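This report refers to the structure that appears directly beneath it.
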Amino acid sequence: MQAPLPAELQGQIGQRLREAYIELINEPVPDRFVVLLQKLKQREEQSKEDGRDEK
Amino acid sequence: MTKSDDDLQALLIAAVPNLRAFANSLCGDPTRADDLVQDTLVKAWSNLDGFEKGSNLKAWLFTILRNTYFSELRKRRREVEDADGAMAERMSVLPEQHVHMDLVDFKKAFGVLSDDQKEVLLLVGAEGFSYEEAAEITNAAVGTVKSRVNRARVALNKALGLEAGESINPNGEFAGITRAVGRG
């Protein structure tokens, strides 16, 4: 196994990685995901109601 | 937790920014990343029975996302091999929109890592999953995850040409971490 990097370098790399990643996390979320989950839930409720009607 | 549960919807929505960041970092293509997140949410929704109550929902979602990504990748590679008789080299870099110049080099360097290295470094180094959690998510042994993280760091260090004693922040403070916590 390759020798690990000195802690200081690990820290520098970790810092840059987190900075880059946080920029991505902070990007605004498109509406499509909220809409998608609402649709999935509506479909679920609809199919439950349909199930009751058949009884 | 049931599908009509508003909490579940809130939890899934809350995970979206992290899922998008992870998908973007893995595939380097924002459009494809959003498709991956959408597939992940649909799969999570329809397989909710497979989720163990009380276990880590975020880890479960990340598992679905990376499995979806890698199975698509295998499929694409087979198609490319069939079409060209050769494996196409795939260049994946972190998207560069809205970035500070000092991060551009890092994002380029990140692109030299293999997919295996990227995913464990993102899970452990960026998302803060434990080695054990990352091992479970990637279906690998803990020792394998540790060695991949180590090799990823060594490769990044080489690509960045960092040296011990050279501080990114002249104040010597871990600004990135502080900001990370502050922005929550």
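The values are calculated or read from the model by the stated rules, or taken from the named source; none is laboratory data. Bear in mind the structure is a predicted one, so any value in this text is a computation, not a measurement. Quick reminder, even Gly has a Cβ in these numbers, built from the backbone with ideal geometry, and neighbours come from all protein chains shown.
Some notes on this structure:
- Considering only residues in region B:1-56 that are closer than 21 Å to A:LYS48 by Cβ, among the charged types (D, E, K, R) and free of Cβ contacts under 8 Å to residues at least 12 places away in the same chain, the one that is surrounded by the fewest Cβ atoms within 10 Å (Cβ to Cβ) turns out to be B:ASP49.
- Of all residues in region A:16-36, those being within 16 Å of B:ASN24 (Cα to Cα) and aliphatic (A, V, I, L, M) number 6.
- Qualifying residue in region B:29-42 (condition: at pLDDT below 95 and either closer than 19 Å to B:GLU127 by Cβ or under 13 Å from the mean Cα position of the chain (by Cα) (or both)): yes
- Test result for A:PRO30, farther than 23 Å from B:SER25 by Cα and assigned to a loop (DSSP other than H, G, I, E, B): no
- Residue within region A:35-42 that is at the interface with chain B (Cβ under 7 Å from one of its Cβ atoms), modelled with pLDDT of 90 or more and under 16 Å from the mean Cα position of the chain (by Cα) present: yes
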